Amino acid sequence: MSEPVDRARSVLIQAPADLLLKGITEVMGQAYGIERVELLQVDYRMSVLMPLAEGEPVTAPGHPAWRCFDHQVPIVADGHAYLPVSMRGERRGVLRVAPAPDDGAVLAELAEIATALSHEISAVTEGTDVYRVARRSRRLTLAAEMQWELLPGRSRVRSTFSLAGQLEPAYAVRGDSFDWSDDGDRLWLATINGSGTGVAASLLTSLATFALRNARRAGLSLADQAALADQAVYEVHRGERHLAVLLMELDLRSGVMTVVDAGSPRLLLLRDGEVHDQPLDKQFPLGMFEDTDYREQRFALRRGDRLFVVSDGVVEATGHDIRYGETALDRFLRRTGPMQPLDAVRSLIGDLRAFVAGDLVDDAVVVCLDWTGPRI
């Protein structure tokens, strides 16, 4: 690692949370002659790259900033260099610097600094609103604010899997959500098809999510995680409120998937270019009855398999009095084979927006998981 990169990392660690960009701008100027540095963060809809400071948002899909974001490689165009601001598969945005260097080695070092910036933004975000506020192209509803704060991220990449999810309508989502965690041996994934409206829906989803996390962190089996969350929701709402959840646990050594379907969203398998409904043992949603016993089922994934979890807001999206429907969904999912999970999720949400000619009215959640092979 070069001395300027080391110095940039040190500056990022020591800089106040709101002055990270100022710190690396000074390092880049001294070491590489960079005169201008801009941070463009992807917004909640993943449709706009928003400047941290003054400047114009980037919306055109063919813009070099979007090509950098989509392909996750440095792009040089029109005297500017565009660098991915990403960490562990989580894409935060793009760093735009000028003048662009002619030296490929320098470009690589600038890309390392952009990655370090992403890590530091992640570290300071809990203590400042600067980066959250700058990502917004409009105001979030209170319910949506709660839902986004609940998420573990929007994408995750390891040698054994790639994972991504998105909520829609991004700025007004109410009850749909997802959660995930991995420990190197296992990946846990929960997808929630929420119910209700406004803050009440977000509160219900929050209760279920934290109950599931509590059970997972206590080392309980998947069925017991569902049972504990079921009891928590029932204790508060006495059966008057409930929600559909799909719980999955992937053994990263073998590819064996354990599933509990509690009235869940739809699970689809993309294998060898064909889309299949994954048969599930349907059970009661969480909170519907007292002391429900849940059963686990298992199936094996093959290397290269892709799983999609979609809530009913996807299939039932309506445009010009026509439902999007299962046929259109299956047709679109087949086309996502070459895409990374985050790009597949973005593309599907974009297709839904085009179909309804705007934002979705009902909540929708899409999660995509690629099994890339056993842990070595």
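Conditions (1) in the same structural domain as LEU329 (by TED's automatic domain parsing); (2) over 21 Å from PHE308 (Cα atoms); (3) in contact (Cβ under 8 Å) with a residue 60 or more places away in the chain; (4) not hydrophobic (A, V, I, L, M, F, W, C), marked per residue:
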residue	(1), (2), (3), (4)
LEU203	yes, yes, no, no
PHE210	yes, yes, no, no
ALA218	yes, yes, no, no
GLU235	yes, yes, no, yes
THR258	yes, no, no, yes
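Listed by first and then second residue, the pairs with beta-carbon distance under 6 Å, at least 6 apart or on different chains, first residue in the range 63-78 and in the same structural domain as ASP343 (by TED's automatic domain parsing), second modelled with pLDDT of 95 or more and not in a strand (DSSP E or B), form an empty list.
Counting only residues that are in a loop (DSSP other than H, G, I, E, B) and surrounded by 14 or more Cβ atoms within 10 Å (Cβ to Cβ), which one in the range 299-334 is nearest to the chain's Cα centre (by Cα)? That would be SER311.
Considering (1) in a strand (DSSP E or B); (2) under 18 Å from the mean Cα position of the chain (by Cα), the lone condition that ASP261 does not fulfil carries the number (2). Considering the range 257-298, and only residues there that are under 23 Å from THR336 (Cα atoms) and among the aliphatic types (A, V, I, L, M), the residue that is surrounded by the most Cβ atoms within 10 Å (Cβ to Cβ) turns out to be MET257. If only residues of the range 147-205 that are touching a helix residue (DSSP H, G or I) at 6+ places or on another chain (Cβ under 6 Å) and β-branched (Val, Ile, Thr) are counted, the one that is nearest to ARG216 (Cα to Cα) is ILE192.
For the range 319-328, state whether one or more residues are at pLDDT 95 or above, more than 18 Å from ASP272 (Cβ to Cβ) and in the same structural domain as LEU150 (by TED's automatic domain parsing).
No - not one qualifying residue is present in the range 319-328.
Just to be sure before I move on: is SER206 assigned to a loop (DSSP other than H, G, I, E, B), within 25 Å of ALA172 (Cα to Cα) and small (Gly, Ala, Ser) in the structure I sent? So SER206 does not fit the description; no. Looking across the range 280-294 at every residue that is of a type outside the set (Asp, Glu) and within 15 Å of ASP224 (Cβ to Cβ), the one that is farthest from the chain's Cα centre (by Cα) is identified as THR292.
If I ask for residues that are closer than 19 Å to MET46 by Cβ and either at pLDDT below 95 or out of contact with any Leu (no Cβ under 6 Å at 6 or more places or on another chain) (or both), which ones from the range 65-86 would you list?
TRP66, ARG67, CYS68, PHE69, ASP70, HIS71, GLN72, VAL73, ILE75, TYR82, PRO84, SER86
Name every residue in the range 3-28 that is under 15 Å from ALA111 (Cα atoms) and of a type outside the set (Val, Ile, Thr), in order of residue number. Result: GLU3, PRO4, ASP6, ARG7, ALA8, ARG9, LEU12, LEU21, MET28.
The values are calculated or read from the model by the stated rules, or taken from the named source; none is laboratory data. None of the values given here were measured: they were computed from a predicted structure. No Cβ is skipped: glycine too gets one built from the backbone with ideal geometry, and neighbour counts run over all protein chains shown.
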